[in-house]
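Student: Quick one: the structure is below, questions incoming.
Read the figures in this text as sums done on the coordinates, not as results from a lab. Every value quoted in this text rests on a predicted model; they were computed, and no experiment measured them. Because the Cβ atoms are built from the backbone with ideal geometry, glycine has one as well, and the counts that use them run over all protein chains shown.
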Amino acid sequence: MNRFLLPLGIFIVLVVFLAIGLSLNPREVPSPLIGKPAPAFELPQLHKPEARFAPQDMQGEVWLLNVWASWCVSCRQEHPLLVDLANSKLVPIYGLNYKDPRDDALRWLKQFGDPYVLSIADVEGRVGIDYGVYGVPETYVIDKAGVIRFKQIGPVTQDVLEKTILPLVKELQK
Amino acid sequence: MKRLMIALLCLAAGATGFAREAAPTAEDVVVEKRMVAISEELRCLVCQNESLSGSQADLAKDLRREIREQIGRGRSDQEILDFMVDRYGDFVRYRPPLKGTTFLLWFGPFVLLAVGVVALVVILRRRGRRVAPATALSAEEQRKAEELLGLAGKDKP
Amino acid sequence: MIPELGHFALILALLVSLVQGTLPLAGAARHSLSWIALARPAARAQFLLVAFAFGCLTWAFVANDFSVLYVAQHSNSRLPLEYRISGVWGGHEGSLLLWMLMLSGWTLAVSVFSRHLPDAMVARVIGVLGLVTVGFLAFILLTSNPFERLLPAAADGRDLNPLLQDPGLIFHPPMLYMGYVGFSIAFAFAIAALLSGQLDAAWARWSRPWTTAAWVFLTLGIALGSWWAYYELGWGGWWFWDPVENASFIPWLVGTALVHSLAVTEKRGGFKNWTVLLAIAAFSLSLLGTFLVRSGVLTSVHAFATDPRRGIFILILLAIVVGVSLFLFAWRAPKVGLGGSFGLVSRESLLLVNNVLLVVAAGSVLLGTLYPLFIDALGLGKLSVGPPYFNAVFVPLMVPLLVLMAPGPLARWKHAEMAPVLKKLLPALAVAVALAVAVPLAYGQWTPLTALGILLAAWIAGASVIAVIDRLRAGVTGQPLHWWGMHLAHAGVAVFVVGVTLVSAYQQEKDVRMAPDDTVTVGGYSFRFVGVREAMGPNYRAMVGELELSKDGKVLRSMHPEKRAYLTSTMPMTEAAIDVGLTRDVYVSLGEPIDERAWSVRVYYKPFVDWIWGGCLLMALGGFVAIGDRRYRMKKAAAAKQAAQGAAA
């Protein structure tokens, strides 16, 4: 073999990788929590601060945990989809209200509709850290055994909902 | 202008006070130092490419608080790094862990160096054997080149 | 109307570049003198058209023409004039036009300063540059037209990113691009040589000053960028191993290797293939850097707003330019002769070791920069490669390079005995060891790494001093300028190493809460907080802190760090106040207000930090002096200069 071809060979491999790289999103970080039990917590509910909620309460059910905040602009984008999904009663949605003053959060729900069975108030953002939240909104699909099966980072889109989340939910509900 | 005057007056008034040693912003300087060292190893997830220690993002502030608290609870540096990796994956570490997928990353440069040095020695030896009879030709080349430049005979280094 | 004229000039430039990229090359192949003769006029017309287009865009900025989309996105009527002008390259489209201006400027320079070269060679070089120009003009016109209109026009512009409203923007990108694009000349010479089959010492002598010039600009550009980051970002760092920084550093490392291997090719006719490959690599890596910065495949603080079409376009451009060049290399290189012989220990072999180390270093930085992309593309997850990795890998590779820098220039060509060289260097070694012990102790903390840094720096500087004394004592007068240039550049490396070593080991910082009259002391310097007042800038509102700096009870000066809120941006900006000194910087930046009286303040003491950029400046100066060497001049000028030197002596 001609050793002078070596640089060209290396370059071609590089270009192939760069071409694949163009189709990837370097900012999306997959969660290491997928396939692991949802981290435990116990927090007051947003509407009834005296009542508390823990993910263990959801054993035996498939559910969505949606992280949202009133200050989060792209939450508004996915919100109508969540409201529709809640009306379809296919899967219960629980909200994790992330680092939000209570009044703002309640006003926001009044204004845009409340798709959540209930919302949990994570004022300090500690549960958010345990769930590896970094870009609100985020949505987790949690199965009957309490294991996280899927995580959507950023707003849920029609596409993701129909092609990924709902089929997965149906599969898990069996 | 008026505001400036007032500000200047305040400055003048301030100058008459007694000097005190400023208090550190951090509650505990030792903890803070460890926190900074740890957070420099970690990547801020919401920023473009900044370390946790340099970032002003809210999440970065929360995570720095978390690190401080964990130091307070007596956790080791490694435990704190593991805590972060458990939640955000290897992506948060600026120093990738040594494992199957990072072997090439960590050993690549030194393999490259070894290959380079071996290739160098092999080439030099082979060259030494091949080049000897060709010297006359290359001298001719040299002369021709200098002729082309019109510098023949001058400027010998 | 004027933006349309600019747009039209770019289209004309594309047509000219099509001529420039084809006929001279064909003419050189077919020995057609009339086609060869087209090269120079085409290069000049090309430059005039691109310069005209650039002028049109500048005019649109100066005149606040917000009906031009790019101006509306990157300027504002309240932006001061100097930033309206430098705002031209404050975004993707305009900076690409700047890149283009540099490319046609370099081409023009070749067409002017090449009278001593054979016309066919010049035609090939200008032709190759013409082909690169075609690619970039097509890129600008098809995906990144800076003259696109915004109808209806915006009432006012969105403003330039406040981070860019700084003198750094005026100087850093033009210098950096001069360097990046300058490697295109070395590249074009290499391709021209491969095309003609004329790969000899003459070729190396022709392309050497151009390569050194590009390297000088790149050195300055990188140093300016580093300095800008140091004073602007407010946390006093000077290098972050960010992908975009690496994108400029990798070509620098390869360019440095090229500058050295060209020396062998020119003087001894050796390493010809290797030199050609490096010349291709240096420019290819500049193109790769452009791709990385503008395509969004890597996350970086500096990345431009991205558009997938652009990424695909540059990737194709990169694939064609580099692919064809490397193919040409693989085809032509096997036929090239080996050049003069040399021993296993000789100046040549030491320079080869230098090349291996620099290229391995460049390869390692490239590997670290692209590794997250590789892993992601293979579906193996996401990871980050940051400063801890690069420091761990890069520093060990530099140590042998620095060690060899001292004996290298003293070794003879062809065959060297190391024993006399080392004997000559003994005084340097003795001084270096003494300093390595003493300097860290003087700072009160001795660590092996600090000692090593000082040892290496003193070793290199000492070797240069010995070389100079040696020549002076031997009564050799009139050393060629390139010899002085080399020693100056090497001394620059020593200065740089001192800066890096001392600032990393002995910098001190304190984060404190300061109310009026509070004091804080760092590195022997005391700051008394006087207060904070409000001030208005042309397009921002600032909180200006005042601190009184003193040492040993003597007041030195008053410092004014700022916190600025730009009217068009929500992002607060920190403007640090720095007291610059030969042996230390004292650095203050204002944090957040804590209550009505107190602010959080961060103070730094940074010993020898300016030596980092001073060293770069010396390296660039060395390169600049080397370009002045008379043997690069045409015959007439050389004779004239020699006569002048004779008269002066």
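Student: More than 17 angstrom separation, counting every C-alpha pair in the stretch C:224-354; what % is that?
Tutor: That tail contains 68 percent of the Cα-Cα pairs.
Student: For A:K174, give me every one of the aspartates and glutamates with a C-alpha distance below 14 angstrom, ignoring sequence neighbours fewer than eight places off in its own chain.
Tutor: Within the straight-line cut-off, A:K174 pairs with A:E61, A:D143.
Student: Rg to Rh ratio, the stretch A:39-132, alpha-carbon atoms and Kirkwood radius?
Tutor: With Rg and the Kirkwood Rh in hand, the quotient comes to 0.93.
Student: Step through the residues of the stretch A:73-83 one at a time and calculate ³J(HN,Hα) from phi using the Karplus curve (6.51 cos²θ - 1.76 cosθ + 1.60, θ = phi - 60°), rounding each to whole Hz and writing x for Gly and Pro.
Tutor: Along the stretch A:73-83, the couplings run 5, 6, 5, 5, 5, 8, 4, x, 4, 5, 4 Hz.
Student: Then there is this: When only DSSP loop residues count, what chymotrypsin sites (Phe, Trp or Tyr not before Pro) in the stretch A:51-103 have their Cβ near at most 16 other Cβ atoms within 10 Å?
Tutor: A:W71
Student: If only Cα atoms are counted, what is the Rg of chain A, and what is its Dmax, in Å?
Tutor: According to the Cα coordinates of chain A, Rg and Dmax are 20.1, 77 Å.
Student: Report the per residue volume, in Å³, of the convex hull enclosing the C-alpha atoms of the stretch C:389-518.
Tutor: In the stretch C:389-518, the Cα hull volume divided by residue count equals 183 Å³.
Student: If the viscosity is 0.692 mPa s and the temperature 37 °C, what Stokes-Einstein diffusion coefficient in µm²/s follows for the stretch B:27-96 when Rh is the Kirkwood radius over Cα pairs?
Tutor: Approximately 277 µm²/s, per Stokes-Einstein.
Student: Strictly over 25 Å apart at the Cα level, which of A:K48/A:K151; B:K33/B:K99; A:K36/A:K170; B:K61/C:K382; A:K144/C:K382 would you flag in this model?
Tutor: Result: A:K48/A:K151; B:K33/B:K99; A:K144/C:K382 exceed 25 Å.
Student: Reachable aspartates and glutamates from C:K554, Cα under 20 Å, same-chain residues fewer than 8 places away excluded?
Tutor: B:E21, C:D517, C:D518, C:E546, C:D579, C:D585
Student: What is the sum of charges around C:F240, taking Lys and Arg as +1, Asp and Glu as -1, for the other residues whose C-beta is under 15 Å from the C-beta of C:F240?
Tutor: Residues close to C:F240 contribute a combined charge of -4.
Student: On to the next question. Between Rg and the Kirkwood Rh of the stretch C:1-117, both from Cα atoms, what is the Rg to Rh ratio?
Tutor: 1.10
Student: So, one more: Under the Karplus relation 6.51 cos²θ - 1.76 cosθ + 1.60, θ = phi - 60°, what is the ordered set of whole-Hz ³J(HN,Hα) values for the stretch A:85-94, x standing for Gly and Pro?
Tutor: With the stated coefficients, the stretch A:85-94 comes to 4, 5, 5, 6, 6, 6, 7, x, 10, 10 Hz.
Student: Can you run the Rg to Rh ratio on the stretch C:177-254? Use alpha carbon positions and the Kirkwood inverse-distance Rh.
Tutor: 1.14
Student: Could you work out the percent of alpha carbon pairs in the stretch C:345-440 separated by over 22 Å, rounded to a whole number?
Tutor: Result for the distance tail: 51 percent.
Student: When only alpha-carbon atoms are used, what values of Rg and Dmax, in angstrom, describe chain C?
Tutor: 26.4, 81
Student: Can you tell me the Rg and the Dmax, both Å, for the Cα atoms in the protein assembly as shown?
Tutor: Radius of gyration, then largest Cα-Cα span, for the protein assembly as shown: 31.2, 99 Å.
Student: Over the stretch A:88-149, one equal point on each Cα, no solvent: what is log10 I(q)/I(0) by the Debye formula at q = 0.16, 0.27, 0.30 Å⁻¹?
Tutor: -0.59, -1.33, -1.40
Student: Here's a follow-up. Taking only the alpha carbons of the stretch C:513-627, what extent do you get along each of the three principal axes, in Å, biggest first?
Tutor: Per principal axis, max minus min of the Cα coordinates gives 57, 42, 17 Å.
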